[in-house]
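The values are calculated or read from the model by the stated rules, or taken from the named source; none is laboratory data. This one's a predicted model, so the numbers in the text were calculated from it and none came from an experiment. FYI the Cβ positions are ideal-geometry reconstructions off the backbone, even for glycines, and counts take in every protein chain you see.
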Amino acid sequence: MDPLVSVALRLLVWVFAMLLVAGVAIIGPRQLYDVPKDLIRHLRDARSYVAALLLVLVASAVGRGPLQSVSELVGLQLTGFIYAVEGEFVAWLQTFAVPELTLYFSWVYVYGYVFLLAFPFLAYAALPSSTMLKRLILAYTLNYAIGLLVYTLVFAHGPRNVMPELVTSLLYTFDPHIQSLTGEVNEPTNVFPSLHTSLSVTAAVFAVLTRDRYRAWTPIAGVLAASVVVSTMYLGIHWLLDVIGGIVLAFGCVYLSYRVVDADGESDDRHRL
Amino acid sequence: MAEGIRRREALAGIGVAAASAGCIGRVRNIVGRDRSSQLVLEILVLPTDSDPVGIRIARSLSEHLNAVGIGTRIETVATTEIRRETLINHDFDLYVGQYKEAEPFDPDALYGLLHSRFTAEAGWQNPFGLTEVAVDDLLEEQRTVPNEDRGESVAELQRRVCDLQPFTVVAFPDALSAVRTETFTGWDTERPVSLGGLLSLEQADSEESDDPPTLQLATTDERITTNWNPIAAEHRRHGTFTSLLYDRLAETHGDEVVPWLARDWERVDEETFRVTLRDSTWHDGTPITASDVAFTYAFLRDTSMGGTETAVPAPQFRGRSATVVDSTVVDDVTVDLSIENVNRAVAERALQIPVLPEHVWSELTDPATVAGFEFDEGTTEALVSNNEDPVGSGPMRFVDSTAEASVSFERNPDHFLVRGDEPHATAVETEAETSDGDGGSDSIEDSGGSSPNPTEGIPDVYHGKPVFDRLEIEVVGSDVAAVQLVGDGFADGTASKLGPDAVPRIGREADATLISGPSAAFYHVGYNTRQAPLSNFQFRQILASLVDKATLVDDAFTGYARPAASVLNASPEWVPDDLTWTDGHDPVHPFYRGDGEDGGLDTERVRQALRDAGYWFNERGELVTRS
């Protein structure tokens, strides 16, 4: 089997299994069973947000290559600057590397991350109101859109590409085929900000904001998000500055999503996208 | 004066004070001088994914520079970008990279690389901007002296170059490849992924079937999926795949120069080479004629073909095309090349250029424009074209590609290598046109008359090649991923650089074999000698001594390289004893190794050397320059 297909298949199986278990345990079997019924109504309600998300995802898939060339030509070359600011922090982090941790963080970076992002869709689709679902989709969309823009403006390589004698590409050394998957959705020079960080933190912030409804999800999301954030650096993929940028982006996007979608689920006209 | 005060503010204050005090002359003498600040050098290098070794060299050099008070900034840039900045824009301080030739090269390669006549041109011709009359003289001398006297000129030339250090040779790497022998055998043990290496592959016995198989290679270098222009310097590495598309008049085979698209050549007089072409066609079916060859030489010298005020030479093959000053078409298959008064080796080197179809490239001589706007008069369409759907004449032709993911080529059934094998085919016996009908014979003498042997003069190993019907190249994210593809059976071999992380992985993959062979593509640190302080040869010599070649060979290359001082180390017969690396000793600019147990840098000795060369340090130990 083609390595890409096998990696993608493994990802699908993992995430589906986790969604099922978490869905039953956290959302509840009854509510989970009802999700498909309400889904049509929710999606119709949130159609402009869904459309915006799809648009950004397509733009990212199609435009990533060309924008990468633009970034190469006119983007700010910041690798040297980032290194000058934070030095060998990531290398220091990797001094704690042990096989068990590498296994855990590799797992979190790929499977845990996708689960962390996917579960809120399910959880908020099980709520009677589509407000949270709209906010979630909008926040994800903003993360992607702003991330894509900054990727174009900034041209930088991650630590594993800059100090190979100190920082090992732990993820790709652990399983080289994963790179065929990440290569499909990302460019190695898209490091600032870390979208892994920003999307994970976004999901975790939402988990905190909805802790009254999904009490068990909040600590899980918190631990997962923290693990993803550490994994991006532990695996040598991102700089500390990328992670800080990602956290700032996450809070900004959540804030904006609450500004645009008010408590009644209506988007304020002044902020309509 | 306090460092923090902005210059403008300081000047304003001093101006008032000076005007009132009436000593404007002295103050002007002081503040009129540029203030000095720490020297910071930018080092351009490829990221680990593209070149696992270069970045390690850059990091080590940077560490040593920092230790002696010189600031550095390492910028990792994309593969095309590093070439653009160094070869075309000449906008760099230092870069770490590899030379373009993987096969041992003739000393005349230095003519293009270092002659001052090329310093203003863009491309692999003198990117360092070296202008030294002594070097120029020696470069010309080695071209004209008879072959038997050439050795002394070349030795003297190398001494000069080592002295001046326009670039510092770090080491000659072993080209490492992971290959599997399930589908193909006969991988060249030195350079498996080269024109000769790929063409000499054989089909594995177990795979005997009616249709020839597909050769699959994995690379980290995505340029071949978007650009097939044989003269675009920023898009070519060693030019292996473009030489499968575009035949050269002559090729090297071992130490020999052998006929390729040219059937034969002879020197009819001191300054004329007469070249006879093989019967061959372009991939679009048009016959190749002598006028294509004449066009190619004129075109490489000036890609605008006289259309712009000053010539726009091709950024590749410059040293070779400069040898041929004029060309005259004699008949359809014969062309006379007027060459400068050069020796045989240099003249035969001039034949190693890809022949381009006149009917395609003559359309690309206009100045390059973007949306109708002319950016730079010194650029023609030909230099910036991606050459989509390339029309070559080589043994493979282009099929299709997905940008940054993959590219495929197919066998050219009309190529002379294929036609030359036809007598071997079983069905040919009855319709054989050869006089004796002995299909197994490769002898040239039998093939007189109207249908000359298509592969006359070409080494037997290439007859009937390539054995693969298709060549597919897949782009992967890193050297480790490339090895994994080979190990899992999705690729037959790797076509790009492998680094220290990838080598042990080959050992763990049961089906993958490591091939390592010496490469002439030496790693070097290139200096932009156009600007101070890199314009000072003494400064460059000290930088050369900050490169710890022996340690780098152990660490960055994991032993798969040989440290060297001279640029010609791949052809040791040219290197004089006094420039030969012996017993771990650098004969020219040895590393300033300290007495400490770690064998690290002796910073005090370097600082003294810099002081002796006229440089000075501030109280924080930083080397300062006026800027």
Exercise for the section: Answer yes or no: is there a residue in region B:59-76 that is within 21 Å of B:A561 (Cβ to Cβ), basic (K, R) and in contact with a strand residue (DSSP E or B) (Cβ under 9 Å, 6 or more places away or on another chain). Expected result: yes
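Scan region B:454-495 residue by residue and report those that are farther than 24 Å from A:N161 by Cα and without any contact (Cβ under 8 Å) to a residue 60 or more places away in the chain.
Here is the first cut: in region B:454-495, the ones farther than 24 Å from A:N161 by Cα are B:454-472, B:488-492.
Once the filter is applied, which keeps residues that are farther than 24 Å from A:N161 by Cα and without any contact (Cβ under 8 Å) to a residue 60 or more places away in the chain, region B:454-495 yields B:T455, B:D460, B:H463, B:G464, B:D488.
Quick check on region B:540-554: of everything there that is of a type in the set (S, T, N, Q) and more than 14 Å from every other protein chain (Cβ to nearest Cβ), which residue is nearest to B:T582 (Cα to Cα)? Outline the logic, then answer.
Restricting attention to region B:540-554, the residues satisfying the condition of being of a type in the set (S, T, N, Q) are B:541, B:545, B:551.
Checking which are more than 14 Å from every other protein chain (Cβ to nearest Cβ) leaves us with B:541, B:545.
Values: B:Q541: 20, B:S545: 17 Å.
Ranking the candidates gives B:S545 first.
Can you spot a residue in region B:552-569 that is out of contact with any Phe, Trp or Tyr (no Cβ under 9 Å at 6 or more places or on another chain) and closer than 29 Å to B:T252 by Cα?
The answer is yes, given that some residue of region B:552-569 is out of contact with any Phe, Trp or Tyr (no Cβ under 9 Å at 6 or more places or on another chain) and closer than 29 Å to B:T252 by Cα.
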Exercise for the section: Go through (1) under 23 Å from the mean Cα position of the chain (by Cα); (2) over 19 Å from B:N66 (Cα atoms); (3) away from every other protein chain (no Cβ under 14 Å) and name the single condition B:F557 misses. Expected result: (3)
Exercise for the section: Could you identify the single residue in A:L153, A:L149, A:L117 that is without any contact (Cβ under 8 Å) to a residue 60 or more places away in the chain and more than 14 Å from every other protein chain (Cβ to nearest Cβ)? Expected result: A:L149
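For B:A520, indicate whether it is among the hydrophobic types (A, V, I, L, M, F, W, C), surrounded by fewer than 21 Cβ atoms within 10 Å (Cβ to Cβ) and over 25 Å from A:T168 (Cβ atoms). Break it down into steps so the answer makes sense when it comes.
Numbers: among the hydrophobic types (A, V, I, L, M, F, W, C): yes; surrounded by fewer than 21 Cβ atoms within 10 Å (Cβ to Cβ): no; over 25 Å from A:T168 (Cβ atoms): yes.
So B:A520 does not fit the description; no.
Residues that are within 14 Å of another protein chain (Cβ to nearest Cβ) and surrounded by fewer than 21 Cβ atoms within 10 Å (Cβ to Cβ): which helices (runs of 4 or more DSSP H) entirely in region B:61-170 hold 1 or more of them? So that I can check it myself, show each step before the final result.
Working: elements: B:79-83, B:109-114, B:133-144, B:150-164.
Output list reads B:79-83.
Only one of B:I506, B:I515 is at pLDDT below 90, in contact with a strand residue (DSSP E or B) (Cβ under 8 Å, 6 or more places away or on another chain), of a type in the set (V, I, T) and part of a strand (DSSP E or B). Can you tell me which? Lay out the reasoning, then the answer.
On the way: B:I506 fails: part of a strand (DSSP E or B).
Exactly one of B:I506, B:I515 is at pLDDT below 90, in contact with a strand residue (DSSP E or B) (Cβ under 8 Å, 6 or more places away or on another chain), of a type in the set (V, I, T) and part of a strand (DSSP E or B), namely B:I515.
Can you go through A:T95, A:T79 and tell me which one is of a type in the set (S, T, N, Q) and either at positive phi or over 23 Å from the mean Cα position of the chain (by Cα) (or both)? Break it down stepwise before answering.
On the way: A:T79 fails: either at positive phi or over 23 Å from the mean Cα position of the chain (by Cα) (or both).
Of the residues listed, the single one that is of a type in the set (S, T, N, Q) and either at positive phi or over 23 Å from the mean Cα position of the chain (by Cα) (or both) is A:T95.
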Practice task
Hey, can you tell me all the residues within region A:1-46 that are within 27 Å of B:A481 (Cβ to Cβ) and surrounded by 19 or more Cβ atoms within 10 Å (Cβ to Cβ)?
Solution key: A:P3, A:V7, A:V15
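Only one of B:R180, B:R143 is more than 19 Å from B:H463 (Cα to Cα), among the basic types (K, R), in contact with a helix residue (DSSP H, G or I) (Cβ under 6 Å, 6 or more places away or on another chain) and outside the structural domain of B:Y99 (by TED's automatic domain parsing). Can you tell me which? Let's see the steps before the verdict.
Values: B:R143 fails: outside the structural domain of B:Y99 (by TED's automatic domain parsing).
Exactly one residue qualifies, and that residue is B:R180.
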Practice task
Could you list, in sequence order, all residues of region B:534-551 that are buried (at least 20 other Cβ atoms within 10 Å of the Cβ) and more than 22 Å from the chain's Cα centre (by Cα)?
Solution key: B:L534, B:F539, B:R540, B:I542, B:L543, B:S545, B:L546, B:D548
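Could you say whether any residue in region B:97-117 is closer than 30 Å to B:V193 by Cβ, of a type outside the set (S, T, Y), outside the structural domain of B:N343 (by TED's automatic domain parsing) and without any contact (Cβ under 8 Å) to a residue 60 or more places away in the chain? It would help to see each step written out before you state the result.
Looking only at region B:97-117, we keep the residues that are closer than 30 Å to B:V193 by Cβ, and these are B:97-114.
Checking which are of a type outside the set (S, T, Y) leaves us with B:97-98, B:100-110, B:112-114.
From what's left, outside the structural domain of B:N343 (by TED's automatic domain parsing): B:97-98, B:100-110, B:112-114.
Those left that are additionally without any contact (Cβ under 8 Å) to a residue 60 or more places away in the chain: B:114.
Among the residues of region B:97-117, at least one is closer than 30 Å to B:V193 by Cβ, of a type outside the set (S, T, Y), outside the structural domain of B:N343 (by TED's automatic domain parsing) and without any contact (Cβ under 8 Å) to a residue 60 or more places away in the chain, which makes the answer yes.
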Fill in the blank from the handout: If we ask which residues in region B:261-290 are hydrophobic (A, V, I, L, M, F, W, C) and either part of a strand (DSSP E or B) or not assigned by TED's automatic domain parsing to the domain that holds B:V360 (or both), their number turns out to be 6
Completion exercise
Within region B:488-504, the residues that are surrounded by fewer than 22 Cβ atoms within 10 Å (Cβ to Cβ) and at the interface with another protein chain (Cβ under 9 Å from one of its Cβ atoms) are B:D488, B:F490, B:P500, B:D501
Exercise for the section: Scan region A:47-65 residue by residue and report those that are surrounded by 13 or more Cβ atoms within 10 Å (Cβ to Cβ) and charged (D, E, K, R). Expected result: A:R64
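From the list A:D34, A:D38, which residue is among the acidic types (D, E), in a helix (DSSP H, G or I) and more than 23 Å from A:T141 (Cβ to Cβ)?
Working: A:D38 fails: more than 23 Å from A:T141 (Cβ to Cβ).
Testing whether each residue is among the acidic types (D, E), in a helix (DSSP H, G or I) and more than 23 Å from A:T141 (Cβ to Cβ) leaves just A:D34.
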Practice task
Being crowded, with 20+ Cβ neighbours inside 10 Å and within 14 Å of another protein chain (Cβ to nearest Cβ) is the filter here, so list the residues in region B:505-517 that pass it.
Solution key: B:R505, B:I506, B:A512
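If we keep just the residues of region B:591-613 that are part of a loop (DSSP other than H, G, I, E, B) and free of Cβ contacts under 8 Å to residues at least 40 places away in the same chain, which is nearest to B:F539 (Cα to Cα)? Can you show your working first?
Taking region B:591-613 first, the residues part of a loop (DSSP other than H, G, I, E, B) are B:591-592, B:594-600, B:602, B:613.
Filter again for free of Cβ contacts under 8 Å to residues at least 40 places away in the same chain, leaving B:594-598, B:600, B:602.
Values: B:G594: 20, B:D595: 23, B:G596: 25, B:E597: 28, B:D598: 26, B:G600: 20, B:D602: 17 Å.
Here the residue is B:D602.
Of all residues in region B:566-593, which are farther than 23 Å from B:D149 by Cα and hydrophobic (A, V, I, L, M, F, W, C)? Working first, answer last.
Of all residues in region B:566-593, those farther than 23 Å from B:D149 by Cα come to B:581-593.
If the condition is that a residue be farther than 23 Å from B:D149 by Cα and hydrophobic (A, V, I, L, M, F, W, C), then B:W581, B:V588, B:F591 are the ones that fit.
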Exercise for the section: State yes or no: is A:V90 within 14 Å of chain B (Cβ to nearest Cβ), at pLDDT 90 or above and either surrounded by fewer than 22 Cβ atoms within 10 Å (Cβ to Cβ) or closer than 21 Å to A:A225 by Cα (or both)? Expected result: yes
Practice task
For B:A570, state whether it is buried (at least 22 other Cβ atoms within 10 Å of the Cβ) and over 27 Å from B:Q38 (Cβ atoms).
Solution key: yes
Problem - Matching residues in region B:451-464 - criterion: being surrounded by 22 or more Cβ atoms within 10 Å (Cβ to Cβ) and within 28 Å of the chain's Cα centre (by Cα) - result: B:I458, B:Y462
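Across region A:144-161, what is the total count of residues that are touching a Gly at 6+ places or on another chain (Cβ under 9 Å) and buried (at least 19 other Cβ atoms within 10 Å of the Cβ)? Full working, then the answer.
At the first step, the residues of region A:144-161 found to be touching a Gly at 6+ places or on another chain (Cβ under 9 Å) are A:146-148, A:150-156, A:158-161.
If we keep only those that are buried (at least 19 other Cβ atoms within 10 Å of the Cβ) as well, we get A:147, A:151-152, A:154-156, A:158-161.
Selection size over region A:144-161: 10.
Could you run through region A:170-226 and say how many residues are away from chain B (no Cβ under 14 Å), surrounded by fewer than 20 Cβ atoms within 10 Å (Cβ to Cβ) and part of a helix (DSSP H, G or I)? Write out each step before concluding.
Filtering region A:170-226 down to residues away from chain B (no Cβ under 14 Å) leaves A:193-226.
Subsequent filtering for residues that are surrounded by fewer than 20 Cβ atoms within 10 Å (Cβ to Cβ) retains A:208-209, A:211-213, A:215-216, A:218-220, A:222-223, A:226.
Now restrict to residues that are part of a helix (DSSP H, G or I): A:208-209, A:218-220, A:222-223, A:226.
Residues flagged as away from chain B (no Cβ under 14 Å), surrounded by fewer than 20 Cβ atoms within 10 Å (Cβ to Cβ) and part of a helix (DSSP H, G or I) within region A:170-226 amount to 8.
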